[in-house]
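Take a look at the structure set out below.
Just so it is clear, none of the values below were taken in a lab; they were calculated from the coordinates. Everything quoted here is computed from the prediction, not taken from an experiment. Quick reminder, even Gly has a Cβ in these numbers, built from the backbone with ideal geometry, and neighbours come from all protein chains shown.
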Amino acid sequence: MPATRPAHADIELRNRCSRWLNAHRPLRSMRESLLALAELPEAALPLDVYGEGEAMQALEVDVATLLGKPAARFFHKGVAAQLAALRVACGEGAGPVALHPQSHIAIDEAEAFEALLGLRGLRVGAPDTPFTATELAALPEKPAVVVVELPLRRGGFRLPDWEALVAISAWCRAEGVWLHFDGARLWEAAPHYGRALADIAALADSVYVSFYKGLGGLAGSVLAGPADFIAAAAPWQTRLAGNVYTLYPMVLSALDGLRRRLPQMGAWRERARALAALLAAEPGWQVAPEPPQTNSFQLHLPVAPEKLREAMLEVARRQGSWLGARAAGSGRIDCGAMVEIVIGEAADDWSDAEALAAWRAAVALSASL
């Protein structure tokens, strides 16, 4: 689904609603957001300055520990974190970097690793399917870096089987290839594997994690890996305009997300699977993957995307229920639409039957528009 800038009217309508199906309940103003952050115990600490601050360093240590890595560094933006990681991992060379054609780095980061850093990409893998070690071995040349996105968001939040992930790690180590995990949603992926975050991260040389998706932070990310690798990434943070004067609101919201939301990822995954089963039982509707592997999944509906979007907004106006404002074309249903459903705190305000009724209403309205 394309990452488009939301219209002001959409944001205003969302804020007028009384409940929201996806992710977390929105903070409706900057004042509300800042007041919530001010209640956190770390808010009494001094502001960080150019990456130095007690709260920021505590966050870096906490994440490094969770991921079982020697060092970690906070970045204001995942794009900068991953560009720095790829540049350092490639050394003086131009790559190549093996990655899935549907990966965030290739699409949502607008291929910045090629356009800005002069690296070369090797696309590997079929649509909506995580690639395998066998496919890596069949590439026309050996990559310098392999990137695995966990989960593959544009492929339906899909994850490779544990055995397949272990095989990718083993192949990289045998070939002397750096393995990087794009773990923007690694927090959400861990319950599927039933393993500790550190056990998953141990398969990779470096890992990036995000704070504003499943954890509901304002923004920000961490790059974790060996101490010398993280030290080498530091100058690239500056080169990529990431050495911001102060980042304390992002840091506070990240600490809050780790405390309050990380422990709920397993329960949200189970809720997603239950809701997906109910939606998939509707005639003509499809869920991908079935069952979901994380707390997020795709819902494919037999209506045109533009009509579904208008119907979703009309449900918000009439019922005060926010289903979202984005619908993409479906690759599974001819002339159909695809929406992403992400289960988080906001879903606590709905029963599965109520969520089904709201989507039924949206589909019915689509037919009349």
Checklist entry - Of the beta bridges DSSP finds with both residues in the range 30-260, what % are antiparallel, to the nearest 5? => result 45
Checklist outcome for this item: Sorted largest first, the Cα spans of the range 230-301 on the principal axes come out in Å as 54, 26, 20
Checklist entry - Leu13 to Ala234: extension gain in nm, 0.36 nm per residue of separation minus the Cα-Cα distance? => result 75.5 nm
Item to check | Tail weight of P(r) past 34 Å, computed on alpha-carbon pairs of the chain, percent | outcome: 28
Next on the checklist: Given the options Ala231, Gly336, Ala204, identify the residue whose Cα lies farthest towards the positive end of the charge dipole of the chain (+1 on Cβ of Lys, Arg; -1 on Cβ of Asp, Glu).
Outcome noted: Gly336
Checklist entry - Between Gln319 and Val166, what is the label-to-label distance in nm when each label sits 7 Å out along the Cα-to-Cβ direction? => result 4.5
Checklist outcome for this item: Relative to the chain, whose Cα atoms define the longest principal axis, helix 227-239 and its Cα axis are tilted in degrees, nearest 10, by 70
Checklist entry - How do the peptides 81-93, 276-288 rank, highest first, by the average count of neighbouring beta carbon atoms within 10 Å per residue? => result 81-93, 276-288
Checklist entry - Tilt of helix 352-368 relative to the longest C-alpha principal axis of the chain, in degrees (0 to 90, nearest 10)? => result 70
Next on the checklist: Can you compute the charge dipole magnitude of the range 30-260 about its Cα centre, using +1 on each Lys and Arg Cβ and -1 on each Asp and Glu Cβ, nothing else charged? Give it in debye, rounded to the nearest 20.
Outcome noted: 220
Checklist entry - Given a cut-off of under 8 Å on Cα pairs at least six residues apart, what relative contact order in percent is computed for the range 30-260? => result 29
Checklist entry - Cα convex hull of the range 43-132: how many Å³ per residue? => result 147
Checklist outcome for this item: Rounded to the nearest 500, the 222 nm mean residue ellipticity computed for the chain from DSSP H runs (n ≥ 4, each -39500 (n - 2.57)) alone is -12500 deg cm²/dmol
Item to check | Positive dipole terminus of the range 227-369, leading residue within Ala357, Ser253, Gln264 (C-beta point charges) | outcome: Ser253
